[in-house]
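The values are calculated or read from the model by the stated rules, or taken from the named source; none is laboratory data. The structure displayed is predicted, hence computed values, not measured ones. Glycine also receives a Cβ, built like all others from the backbone with ideal geometry; neighbour counts cover every protein chain displayed.
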Amino acid sequence: MIKITTVKSNLIVFGIPLLMIFSMFLLTKSTWFSKYPKELSIGITLDLLFTIPLVYFFSIRKKEIPKITIISLFLIGLVTASFMLPENQQSLLSQIKTYFFPIVELGVLTFLFIKIRQITIEFKKLKTTNLNFFDTVKIACKESFPSKIATLLATEVAVIYYGFFLWKKRNLKENEFSNYKENGLVSVLLVLILIVFIETIAIHKLIEDWNVLLSWILTGTSIYTGLQIFALVKSLVRMPFKVDVETKEVLLQFGFFSKAIIPFNLIEGVEVSTKDLPEDKSIVSFSLLNDLGGHNVIIHLKDEVEFDSFYGFKKKAKSLAISVDKKNEFVGLISEETQKQTEVSK
């Protein structure tokens, strides 16, 4: 009964804004709009960007839905108005994009900064050691936005943070293992950045004479791709693998792009191996670059595990191929700890 009530309540909360947006769309197709396009365009713009979010706010004010989701509805209204209204009737919309939207962006970033700081302080009190910046951002975003939007936003924040702001060197702690030195992964990624840079110049020159706007869109996309790779390089250096003897888990991280947490009791065996991976995908490469990233260790599991990949995508594996520096020490430590776990369980 409670579940049915909750579904009905959520249907009202989200149904009313959708119904209002649909009514705006119908209005743009009516004869009234053709008679009074300027006046109705102003009204529709204000309704989509302010009235509907305000109605949504009053609908959720006593519910557990995060209030900052109002921003999501504002953005939906912004995009909807851009497509719904004729270009010659978007003067008010253009002014809002120019002057008001940056204020909203700044407000969201300020909110996230405060939230991230609060979460970091709380986890420090709990002495949680496996929490990095990207984890903190994801927690803050998921408390404030729908899951899919939260993951995308957290990744974009991480790209900016690791790309521009994090320069301090991080030394390895006990039972931590780097994963980028022996395989030359950083060199491979830096070469990729160089290739992206060269291709960006070539494509820009090629398309510029045909379509200037498209050439700059592709250039911006390429530059951002290069920034993502650069941010990955910096995060790789600062996010090592860890054999956590306290929580009895193996923490695997491919920068902020991929993460897997494997309990000791799920590990069936671990071996040093550089053999080619089977085509049947019975052994999955943990590296986002797959074979290009190489591997020298394979972790075999008792059951299939799910782990996080880029932009919140999930992968499953029963055997994971990884590349780790000091592989013999890494394998020996896991074997020792899993053996202890087995003896304790007996």
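Being closer than 28 Å to residue 328 by Cβ and hydroxyl-bearing (Ser, Thr, Tyr): is that true of residue 200 here?
Numbers: closer than 28 Å to residue 328 by Cβ: no; hydroxyl-bearing (Ser, Thr, Tyr): yes.
Judged against the criteria, residue 200 is not a match.
Only one residue in 150, 140 is within 22 Å of residue 238 (Cβ to Cβ) and modelled with pLDDT under 75. Which one?
Details: 150 fails: within 22 Å of residue 238 (Cβ to Cβ).
So the residue among 150, 140 that is within 22 Å of residue 238 (Cβ to Cβ) and modelled with pLDDT under 75 is 140.
Could you check residue 235 against (1) modelled with pLDDT of 85 or more; (2) more than 20 Å from residue 170 (Cβ to Cβ); (3) of a type in the set (S, T, N, Q) and say which number it fails?
Among (1) modelled with pLDDT of 85 or more; (2) more than 20 Å from residue 170 (Cβ to Cβ); (3) of a type in the set (S, T, N, Q), residue 235 violates only (2).
Starting from residues that are touching a residue at least 40 places away in the same chain (Cβ under 8 Å) and more than 30 Å from residue 139 (Cβ to Cβ), keep the ones in the range 92-114 and report whichever is surrounded by the most Cβ atoms within 10 Å (Cβ to Cβ).
93
Kindly indicate whether residue 210 is modelled with pLDDT under 80 and either in contact with a strand residue (DSSP E or B) (Cβ under 8 Å, 6 or more places away or on another chain) or assigned to a loop (DSSP other than H, G, I, E, B) (or both).
yes
Could you identify the single residue in 230, 197 that is surrounded by fewer than 17 Cβ atoms within 10 Å (Cβ to Cβ) and either hydrophobic (A, V, I, L, M, F, W, C) or touching a Pro at 6+ places or on another chain (Cβ under 6 Å) (or both)?
197
I need the full set of residues from the range 266-315 which are farther than 26 Å from residue 188 by Cα and not in a loop (DSSP other than H, G, I, E, B), in order please.
Correct list: 266, 267, 268, 269, 270, 300, 301, 302, 303, 304, 305, 306.
Name the residue, out of 318, 259, 326, that is under 23 Å from residue 187 (Cα atoms) and either among the polar types (S, T, N, Q) or surrounded by fewer than 19 Cβ atoms within 10 Å (Cβ to Cβ) (or both). Write out each step before concluding.
Values: 318 fails: under 23 Å from residue 187 (Cα atoms); 259 fails: either among the polar types (S, T, N, Q) or surrounded by fewer than 19 Cβ atoms within 10 Å (Cβ to Cβ) (or both).
Going through 318, 259, 326 in turn, the sole match is 326.
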